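**Student:** This structure is in structure tokens; I'll ask about it shortly.
The values are calculated or read from the model by the stated rules, or taken from the named source; none is laboratory data. Because the structure is a prediction, the values reported are computed rather than measured. Heads up, the Cβs are rebuilt from the backbone with ideal geometry, glycines too, and the neighbour counts pull from every protein chain shown. Accessible surface areas use protein heavy atoms only, side chains included; no ligands, DNA or RNA. Shrake-Rupley method; radii C 1.70, N 1.55, O 1.52, S 1.80 Å.
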Amino acid sequence: MLSNWLKESRYTVVLTGAGMSTESGLPDFRSAGKGMWTKEDPSKIASTEALNRNVERFFEFYRHRVLGLKDCRPHKGHELLAKWEKKGVIKSIITQNVDGFHGKAGSENVLELHGTLQRVHCQTCGKEYGNETYAEERFHCDCGGKLRPSVVLFGEMLPEDALMRAAEESEKADLFIVLGSSLTVTPANQFPLIAKQNGAKLVIVNMEPTEFDIYADLVINNRKIGEVLQEADKNLSRKK
Ligand code: APR
């Protein structure tokens, strides 16, 4: 069914969450028993509060994530989305992920709602650095200010431009596919609804059920995203 809809669609938009990268070896946030936020309180380590009042733990937490990124890479699912973009099967990816894996896999029209862990910048002067600074335990700018990952921290606003473009893409979609998100965080979880309200078919591919499944035209639980995308790709090429 998914490959049929992909074939018939004029404008497919994909929204990805951390479940898109678990098959690359990166943990997600809320999977029962293993998600990062099942073990840590994000407001204590991934917030502006933590950056200002718990900075050693903040640096340690994000250095650990940067090192984790360096050991992992995009998987087949990321590569298929990049291939589908080149073939015009999908038009854009709205991602909540900060791993940069869609770009690394070759996707070009990627809207990073929550910023990126590939770069850090100075909290004081704004100067940007690569994330190797964190890997090398360099946490301060040449100006002396604190370096922080270029991600949206809890308590911060999302980048206006990415938000606006994501809303535009969602309104244009006639097929909107969610891959690997619990859809618990706003405003990212509003885009499937915007698409639906504008007449799109909504597909949710997620290991566990989400509160938005009731709005979906197709829900695929208990299957890995990589498998679902490879199966759809096989059917797509078969139907040529
Ligand atoms: N295949 C399919 N689904 C998967 C897979 C997989 N291989 N691995 C994990 N999942 C599902 C989990 O069941 C889970 O419901 O992906 C979902 C990921 O949900 P979250 O961990 O909540 O991640 P996400 O929705 O991206 O979180 C949104 O919260 O903390 C903030 O900024 C953070 O961007 C993040 C936002």
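**Student:** Return the long-range amide H neighbours of SER47 (sequence gap of 5 or more, or a different chain), with a cut-off of under 5 Å between placed amide H atoms.
**Tutor:** Under 5 Å from the amide H of SER47: PHE154.
**Student:** Please report, in Å, the Rg and the Dmax of the chain, where both are computed over Cα atoms only.
**Tutor:** 18.1, 59
**Student:** Using the heavy atoms of the protein chains and a 1.4 angstrom probe, tell me the accessible area per residue for the chain in square angstrom.
**Tutor:** 48
**Student:** Ignoring any ligand, DNA or RNA, what whole percent of the accessible area of region 1-137 comes from carbon and sulfur when the probe is 1.4 angstrom? It would help to have the intermediate numbers written out before the result.
**Tutor:** On the way: 2930 of 6250 Å².
Carbon and sulfur atoms account for 47 percent of the accessible area of region 1-137.
**Student:** A follow-up question, please. Largest first and in whole Å, give the semi-axes of region 1-51's equivalent ellipsoid, each being the square root of 5 times a Cα gyration tensor eigenvalue.
**Tutor:** Whole-Å semi-axes of the equivalent ellipsoid: 33, 14, 8.
**Student:** Then there is this: Pairs of alpha-carbon atoms within less than 8 angstrom and 6+ residues apart define the contacts here; what relative contact order does region 59-131 have, in percent?
**Tutor:** 26
**Student:** Let me ask something else. Mind putting a number on the dipole of the chain about its Cα centre? Charges go on the C-beta only, +1 for Lys and Arg and -1 for Asp and Glu, and I need it in Debye to the nearest 20.
**Tutor:** On the way: 33 positive and 33 negative charges, 143 e Å.
Charge dipole, the chain, about its Cα centre: 680 debye, nearest 20.
**Student:** Here's a follow-up. Would you list, by chain and number, the aspartates and glutamates whose Cα falls below 15 Å from the Cα of LYS87, excluding same-chain residues fewer than 8 positions away?
**Tutor:** GLU8, GLU79, GLU108, ASP233
**Student:** From the cross-link list LYS7/LYS34; LYS70/LYS146; LYS7/LYS224; LYS91/LYS201; LYS86/LYS201, which pairs have alpha carbons spaced over 26 Å apart?
**Tutor:** The pairs that break the limit, which is 26 Å between Cα atoms, are LYS7/LYS34.
**Student:** Let me ask something else. SER43 label point, 7 Å along Cα→Cβ, cut-off 14 Å on backbone N: hits in region 155-174?
**Tutor:** Within reach of a label on SER43, which here means backbone N under 14 Å from a point 7 Å along Cα→Cβ, region 155-174 contributes 155-156.
**Student:** Oh, and also: Under 5 Å between amide hydrogens, which residues at least 5 positions from ILE220 or on another chain qualify, with H placed 1.01 Å from N in the peptide plane?
**Tutor:** Close amide H contacts, sequence-distant or interchain: ILE204, VAL205, ASN206.
**Student:** Where does region 33-92 land on the Kirkwood hydrodynamic radius, alpha-carbon pairs, in angstrom? Mind dumping the intermediate values first?
**Tutor:** Numbers: mean 1/r = 0.0706 Å⁻¹.
Kirkwood radius, region 33-92: 14.2 Å.
**Student:** Further, regarding this structure: Full-extension gain between ARG223 and GLU171, please, as 0.36 nm times their residue separation minus the C-alpha to C-alpha distance.
**Tutor:** Gain on extension, ARG223 to GLU171, equals 15.9 nm.
**Student:** Same structure again: Using alpha-carbon pairs under 8 Å, 6+ residues apart, how would you state the relative contact order of the chain in percent?
**Tutor:** 23
**Student:** Continuing with the same structure: Search the structure for amide H atoms under 5 Å from the amide H of ILE94, placed 1.01 Å from N in the peptide plane, and list their residues when 5 or more places away or on another chain.
**Tutor:** Close amide H contacts, sequence-distant or interchain: VAL14, LEU15, THR16, LEU111.
**Student:** Next question. Specify the residue with the greatest mean-square fluctuation among ASN222, ASN198, ASN189, computed from a Gaussian network of the chain linking alpha-carbon atoms under 10 Å apart.
**Tutor:** ASN222
**Student:** Can I ask one more? How far apart, in nm, are two points set 7 Å out from the Cα along the Cα-to-Cβ line at LYS146 and at ASN235?
**Tutor:** That separation, rounded to one decimal, is 4.9 nm.
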